[in-house]
Every structure is written in C-alpha cells, then in structure tokens.
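**Student:** Okay, here's the structure, questions in a sec.
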Amino acid sequence: MKHPLSAITNRLVILVPYLWLLFFFLIPFFIVFKISLSTTAIAMPPYTPTLGLADGFSGLLSQIGEFSFDNYLWLTQDALYFNAYVSSVIIAGISTFLALLVGYPIAYGMARAPATIRPTLLMLVILPFWTSFLIRVYAWIGILKPEGLLNQLLLATGVIDQPLVILNTHSAIFIGIVYSYLPFMILPLYSALEKMDYSLIEAAQDLGCPPASAFWKITFPLSLPGVIAGCLLVFIPAVGEFVIPDLLGGSQTLMIGKTLWNEFFANRDWPVSSAVAVILLLLLVVPIMFFQQAQARAQEQGR
Amino acid sequence: MNSSWSRFNITAIVLGFAFLYLPIVLLVIFSFNESKLVTVWGGFSTKWYVSLFHNQGLMDAAWVTIRVGLISATMATVLGTLAALALTRYTRFRGRVLFSGMVFAPLVMPEVITGLSLLLLFVAVGLDRGFFTLTLAHITFSMCFVAVVVQSRLVTFDRSLEEAAMDLGAPPVKTFFQITLPVILPAIISGWMLAFTLSIDDLVISSFTSGPGATTLPMKIYSQVRLGVTPEINAACTILIAIVACGVIAASLVNKRREVQRLRDEQAAQRG
C-alpha cells in the first residue's frame with residue numbers, strides 16, 4: 001500500500017496490541033520468575049531483593065547475587081506441593097474425560113439436528129457461559145449439600161434412605177468442573193461433527209457395518225480435532241482451577257490453584273506462591289503450545 | 001437416518017440442556033423463597049431483593065463492578081479488534097508467532113497465574129492497587145477473547161469489497177471505516193458484550209489486582225458464600241443473570257434484524 005499514512009496506521013494496528021500484551025502479559029511472567037528467586041521479607045513489597053539502581057550498578061549486581069532457588073527446594077521438600085500438583089492433574093484429567101463423555105452425545109445430537117434449529121441449540125449451549133462462573137458453581141452447593149435438593153429428591157423417591165455425602169468430596173469437584181466447562185467441550189466437538197460428511201456412515205452401514213463400529217471407525221476419528229481442542233480447553237484451566245475446589249471441594253481437597261491462593265492470601269508468602277506459579281506454568285506449557293498450534297492450524301484452514 | 005438414532009439424539013440434547021440449565025433455574029426459584037433456608041421452600045417472597053437493595057456494601061460493589069466492566073470492555077474491544085486485524089491481515093511481521101501466542105494463551109491460562117503475575121507487575125512499577133489496576137487487568141484478559149471473536153468474523157470476510165473500494169480511490173483508513181467496520185460490527189458488538197460479562201463475572205484476577213475501596217460484586221459474593229449460602233446471594237445472582245440474559249437477547253435480536261436487512265439488501269442489489 002502506497003499511502004504514507006497507511007504505513008503508519010498499519011504499524012499501529014500491530015504495535016498497539018502487541019506492546020499492550022508484551023507489557024501486561026509477557027513481562028509479568030518474568031517478574032513472577034524473578035520474585036520466585038527472592039526471599040520473603042517483612043516489608044512492602046514483602047520480598048528481597050527488590051531490584052533497583054538505587055545503589056548504583058554494583059548494588060544491582062550484589063542484589064542479583066542474593067537470588068536463590070531456595071523456594072524451589074522448599075517446594076520439593078514439602079510433600080504438600082508435590083501432592084497438590086499430582087492431584088490437580090489427576091482431578092483435571094478425570095474431569096476432562098467425564099466432560100468428553102457428557103459433551104460428545106450432546107454435540108453429536110446438535111450436529112444431526114435439523115439445520116433450522118441448530119443456531120438456536122448453539123446459542124443455548126453458549127448462554128450459560130455468559131452467566132457468572134461463580135454463580136454457576138454456587139448453584140451446585142444448594143443442590144449437593146447433605147440436606148440439599150438432590151438428596152431431598154433421592155430420599156423422597158426412595159432411591160436412597162441415607163443422604164449421600166457429595167459436597168466437599170472429589171465427586172463434587174468433578175461435577176463442578178464438568179458443569180462449568182461443558183460449553184468449552186461441546187463447541188469444538190460440534191464444529192468438527194457438523195462439518196462431517198454423513199454419507200460416509202450411510203455407506204458403511206449399507207455395506208453391513210454395525211452402527212457402533214461405524215462410529216468408532218468413521219465418526220470418532222473424523223471428530224478427533226474437535227476432541228483434542230475440547231479436551232485441552234477443559235484440561236488446561238481445570239488444572240489451575242481455584243473457585244471450584246474451594247467452594248465444592250471443602251478443606252480436604254488439594255489442588256494447586258488453591259494452594260497458590262492460600263500461600264498468597266493467607267500466608268502472604270509472595271516468593272513461594274511465585275515459585276508455585278512458575279512450576280504450574282511449566283506443567284502447562286506443553287498443553288498450551290499444543291492448543292496454540294491447533295488454533296493456528298484452524299485459522300489457516302479457515303482462510 | 002433411522003428413528004432410533006434420532007431418538008438417541010433428542011434424548012442427549014434434552015438431558016444435556018437439563019443439566020446445563022436446571023442448577024441456574026433452581027437458583028433463581030429459591031431467590032424468591034420466604035424461608036431463610038435455601039433448600040426448603042417456604043412460600044413466595046421478594047423480601048430478599050428488598051434487603052439486597054438496603055445492603056450498602058453490596059450496592060457499592062455493584063457500582064464498582066459496572067464501572068470497571070464498561071471501561072474495560074470498551075478498551076478491550078478496541079485493542080482486541082486491532083489484535084484481530086493484525087492477526088488476519090498481516091501474515092508476515094517480526095514476532096508474529098509470539099504475538100499469536102500472547103493472544104491465544106490468556107484464553108486457557110489459569111486465572112491464578114494471570115492474577116498473580118499482573119499483581120506483581122503493578123507492585124514492581126509502583127502502581128497502587130485499586131480501581132485503576134483492576135481495570136487494566138480486566139482489559140488485558142478480555143481483549144484476547146474479543147480478538148478471537150472478531151478474528152473468526154474477519155477470516156470469512158470478502159476482501160474483494162475492500163480492494164474494490166481502494167481501486168476506486170478510497171484511502172485505507174476510510175475503507176476500513178466505511179466497508180470493513182460495518183461488516184464486522186456484529187462481531188465487535190458481541191466481543192464487547194463478552195468482554196463486559198467476563199469483567200463483571202471475574203473473581204480470581206480481581207482479587208489479586210484490586211485494592212482497598214475497589215471491591216467488586218463477585219468478590220463480595222464470594223466472601224459471603226464462604227460464610228454460608230443465603231437467599232440474599234441467590235437474589236443478587238438472579239439480578240446478575242437477568243442483566244446478562246437481557247443483554248444477550250437484545251444483542252441476538254439486533255443481529256437477527258441486521259441479518260434480515262443484509263439479505264434484503266443483497267437481493268435488491270442482485271435484482272438491480
């Protein structure tokens with residue numbers, strides 16, 4: 001484009017969001033890493049050293065000398081952190097699998113619904129996502145409590161004669177995660193299944209393939225990009241989830257997001273919570289890059 | 001398609017939507033409960049809404065939440081739209097991979113990490129935590145959602161319209177405002193709404209980045225939920241749900257009307 005003005009606007013279109021994200025998204029991670037190498041101090045901010053040029057360049061060098069990996073050593077010594085990481089990954093993994101089991105039939109049903117009602121169904125899936133996450137989690141407390149609505153219903157219909165204990169257990173966390181993240185699972189599955197050519201299945205069945213094996217041989221492999229995208233969209237945020245384990249899991253559950261929160265707000269130990277965040281990020285870097293590549297590929301195809 | 005399959009499909013959809021909507025419906029129903037117990041029905045009453053409006057702390061928090069939401073959604077829409085343009089229009093520029101990474105990563109980044117890192121940034125640059133830092137944080141995470149929404153519209157956009165305008169001598173900036181913007185406007189509007197709802201819903205990032213005097217509604221609700229479930233919170237939640245539902249319905253009606261208008265224009269253009 002030849003306009004001299006357009007060269008500047010072109011540059012601005014890229015530069016403004018680029019610099020914003022660089023400053024508010026990327027640089028903060030380096031600060032987190034820096035502080036994870038610091039020591040706790042009773043001061044504001046509550047850590048040392050605070051890098052600065054107040055004592056000249058040599059002062060800065062000696063401050064850098066104070067950095068240590070003590071916080072990371074501390075994380076390996078206390079079994080609490082290790083257990084929290086492991087149980088976060090396990091809980092997120094099980095929840096993701098359950099979300100796939102629940103979401104797949106819904107997405108499949110939507111994809112095969114008459115084309116006229118599909119937009120409405122799609123909007124109905126997205127709509128709960130617009131209501132507050134906190135509210136949706138809160139709603140389950142009243143349902144899962146020992147004297148809650150689910151137990152009342154099951155007792156009244158005679159299915160059980162003792163109230164089930166669900167709240168403050170892992171089951172409550174599974175329900176909470178599946179419920180809150182279900183739209184994230186359904187949407188990519190739906191868009192993969194909707195694009196599928198269903199004459200393939202008809203052909204398979206005409207040739208005598210039973211429906212179940214047609215599903216595993218044709219439908220499922222073709223929907224695999226949607227399965228992967230959906231699972232990543234549920235798994236990654238679920239690993240670091242705080243609200244759900246805090247409100248539904250009770251004090252017994254160990255999840256890393258909750259540990260980080262407590263370390264920060266209850267113990268006011270900023271360096272250790274930064275170290276917890278760095279390790280959590282390292283844990284998620286591989287799935288996040290996977291996700292980003294899947295997004296980029298989808299974008300290339302959409303072009 | 002045989003009938004057993006479609007029966008399976010319908011059952012899956014009905015059960016799925018029941019699972020998605022029943023908890024919210026129950027929450028709304030029990031906000032009108034006379035009894036103080038949230039799970040035992042004691043008759044219809046709106047007294048919790050009355051007591052809600054007399055709760056000054058909650059009202060202040062609601063006001064903070066709405067102001068942060070309006071400002072941050074507007075800023076996030078501008079930045080997010082620019083980011084979407086940068087991603088779809090400029091396939092080659094230095095650091096593009098890093099840029100697209102920075103746009104997509106916040107979508108899945110655990111909120112505790114985003115919140116902590118932003119807080120440490122604000123402390124490092126010496127910004128006092130409060131309304132301003134809260135707004136900056138909300139702009140940052142919601143602009144990426146706006147970028148994704150607008151980008152998905154831009155990808156399907158017919159570039160020949162723009163090229164035609166520029167061939168006829170329209171400068172690029174004018175082309176953008178007269179051709180591109182009207183076409184992607186529905187996506188920008190839904191991006192704004194998404195940014196606004198994300199902002200008024202956020203608990204974790206707000207808790208990290210806000211300071212004294214800038215308590216948002218979710219923070220207030222959260223601290224009360226920890227003390228126990230009360231019908232007053234149900235009432236507060238119901239009002240939030242109602243606001244969001246009205247917004248979404250209004251937006252979809254506007255979109256539908258625009259769509260109808262567009263189809264009519266296209267038909268008229270083809271006939272003419």
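The values are calculated or read from the model by the stated rules, or taken from the named source; none is laboratory data. Please read all numbers here as calculations on a predicted model, not as lab measurements. Note: ideal-geometry Cβ built from the backbone for every residue, glycine included; neighbour counts use all protein chains shown. Protein only, heavy atoms only, side chains kept; ligands, DNA and RNA dropped before computing areas. Shrake-Rupley method; radii C 1.70, N 1.55, O 1.52, S 1.80 Å.
**Student:** Can you tell which of A:I135, A:I173 is part of a helix (DSSP H, G or I), in contact with a Cys (Cβ under 8 Å, 6 or more places away or on another chain) and not aromatic (F, W, Y)? It would help to see each step written out before you state the result.
**Tutor:** Details: A:I173 fails: in contact with a Cys (Cβ under 8 Å, 6 or more places away or on another chain).
Unique residue meeting the criteria: A:I135.
**Student:** So in the stretch B:118-129, with the set limited to residues that are open to solvent by less than 20 Å² (accessible area, probe 1.4 Å) and closer than 23 Å to B:V78 by Cβ, which one is nearest to the chain's Cα centre (by Cα)? Explain how you work it out, then say what you get.
**Tutor:** First, pick out the residues of the stretch B:118-129 that are open to solvent by less than 20 Å² (accessible area, probe 1.4 Å): B:118-122.
Among the residues that remain, those that are also closer than 23 Å to B:V78 by Cβ are: B:118, B:121-122.
Details: B:L118: 20, B:L121: 25, B:F122: 24 Å.
Only one residue tops the list, namely B:L118.
**Student:** Do the conditions hold for A:V89, that is, is it among the β-branched types (V, I, T) and open to solvent by 50 Å² or more (accessible area, probe 1.4 Å)? Even if it seems obvious, please write down each step before you answer.
**Tutor:** Numbers: among the β-branched types (V, I, T): yes; open to solvent by 50 Å² or more (accessible area, probe 1.4 Å): yes.
Taking the combined requirement at face value, the residue satisfies it.
**Student:** Kindly indicate whether B:P182 is open to solvent by 10 Å² or more (accessible area, probe 1.4 Å), in contact with a His (Cβ under 8 Å, 6 or more places away or on another chain) and farther than 30 Å from A:C231 by Cβ. I'd like the intermediate steps shown before the answer.
**Tutor:** On the way: open to solvent by 10 Å² or more (accessible area, probe 1.4 Å): yes; in contact with a His (Cβ under 8 Å, 6 or more places away or on another chain): no; farther than 30 Å from A:C231 by Cβ: yes.
Spelling it out, it is not the case that B:P182 is open to solvent by 10 Å² or more (accessible area, probe 1.4 Å), in contact with a His (Cβ under 8 Å, 6 or more places away or on another chain) and farther than 30 Å from A:C231 by Cβ.
**Student:** For the stretch A:105-132, what are the residues that are among the hydroxyl-bearing types (S, T, Y), within 22 Å of B:L253 (Cα to Cα) and part of a helix (DSSP H, G or I)?
**Tutor:** A:T120
**Student:** Wholly within the stretch A:208-303, which helices (runs of 4 or more DSSP H) include no fewer than the required count, namely at least 1 residues that are under 21 Å from A:L73 (Cα atoms)? Spell out the reasoning first.
**Tutor:** Values: elements: A:211-214, A:224-239, A:243-248, A:256-265, A:270-302.
Where helices (runs of 4 or more DSSP H) fall fully within the stretch A:208-303 and carry at least 1 residues being under 21 Å from A:L73 (Cα atoms), they are A:256-265, A:270-302.
**Student:** I want to confirm something. Restricting to the stretch B:5-44 and keeping residues that are under 13 Å from A:I143 (Cα atoms) and in a loop (DSSP other than H, G, I, E, B), which single residue is nearest to the chain's Cα centre (by Cα)?
**Tutor:** This residue is B:V38.
**Student:** Tell me which residues, restricted to the stretch B:77-104, are more than 7 Å from chain A (Cβ to nearest Cβ), over 27 Å from A:F33 (Cβ atoms) and open to solvent by 40 Å² or more (accessible area, probe 1.4 Å).
**Tutor:** Listed by number, the residues that qualify are B:V78, B:R89, B:T91, B:R92.
**Student:** Do we have A:I31 as surrounded by fewer than 16 Cβ atoms within 10 Å (Cβ to Cβ), at pLDDT 75 or above and within 14 Å of chain B (Cβ to nearest Cβ) here?
**Tutor:** Taking the combined requirement at face value, the residue does not satisfy it.
**Student:** Separate question: Does B:S142 qualify as being at the interface with another protein chain (Cβ under 7 Å from one of its Cβ atoms), among the polar types (S, T, N, Q) and under 30 Å from A:M255 (Cα atoms)? I'd like the intermediate steps shown before the answer.
**Tutor:** On the way: at the interface with another protein chain (Cβ under 7 Å from one of its Cβ atoms): no; among the polar types (S, T, N, Q): yes; under 30 Å from A:M255 (Cα atoms): yes.
So B:S142 fails the test.
**Student:** Of the numbered conditions (1) out of contact with any Lys or Arg (no Cβ under 9 Å at 6 or more places or on another chain); (2) open to solvent by less than 20 Å² (accessible area, probe 1.4 Å), A:N151 fails exactly one; give the number of that condition.
**Tutor:** Failing condition for A:N151: (1).
**Student:** Select from the stretch B:235-258 the residues that are farther than 30 Å from B:H54 by Cα and in contact (Cβ under 8 Å) with a residue 12 or more places away in the chain and list them in ascending order.
**Tutor:** B:A251, B:V254, B:N255, B:R258, listed by residue number.
**Student:** For B:T88, indicate whether it is of a type in the set (V, I, T), at pLDDT 95 or above and either under 17 Å from B:S199 (Cα atoms) or part of a helix (DSSP H, G or I) (or both).
**Tutor:** On the way: of a type in the set (V, I, T): yes; at pLDDT 95 or above: no; either under 17 Å from B:S199 (Cα atoms) or part of a helix (DSSP H, G or I) (or both): yes.
In short, no.
**Student:** Now, a different point. Check the stretch B:105-114 and report whether any residue there is over 25 Å from B:T65 (Cβ atoms) and either of a type in the set (D, E, K, R) or open to solvent by less than 30 Å² (accessible area, probe 1.4 Å) (or both). Can you show your working first?
**Tutor:** Step one: list which residues in the stretch B:105-114 are over 25 Å from B:T65 (Cβ atoms), which gives B:105.
Going one step further and asking which of them are either of a type in the set (D, E, K, R) or open to solvent by less than 30 Å² (accessible area, probe 1.4 Å) (or both), we end up with B:105.
Among the residues of the stretch B:105-114, at least one is over 25 Å from B:T65 (Cβ atoms) and either of a type in the set (D, E, K, R) or open to solvent by less than 30 Å² (accessible area, probe 1.4 Å) (or both), which makes the answer yes.
**Student:** Continuing with this model, one more query. Condition first: within 19 Å of A:F235 (Cα to Cα) and in contact with a Pro (Cβ under 9 Å, 6 or more places away or on another chain). Now tell me which residues in the stretch A:129-169 satisfy that. Even if it seems obvious, please write down each step before you answer.
**Tutor:** Restricting attention to the stretch A:129-169, the residues satisfying the condition of being within 19 Å of A:F235 (Cα to Cα) are A:129, A:133-134, A:136-137.
Answer for the stretch A:129-169, where residues must be within 19 Å of A:F235 (Cα to Cα) and in contact with a Pro (Cβ under 9 Å, 6 or more places away or on another chain): A:F129, A:F133, A:L134, A:R136.
**Student:** Here's something else I'd like to know. Assuming A:P287 fulfils every condition listed in (1) under 30 Å from B:R226 (Cβ atoms); (2) open to solvent by less than 40 Å² (accessible area, probe 1.4 Å) apart from one, which condition is it?
**Tutor:** Single failed check for A:P287: (1).
**Student:** As an exercise: evaluate A:S180 against (1) away from chain B (no Cβ under 14 Å); (2) touching an Asp or Glu at 6+ places or on another chain (Cβ under 9 Å); (3) closer than 26 Å to A:A113 by Cβ and give the number of the one condition it does not meet.
**Tutor:** (1)
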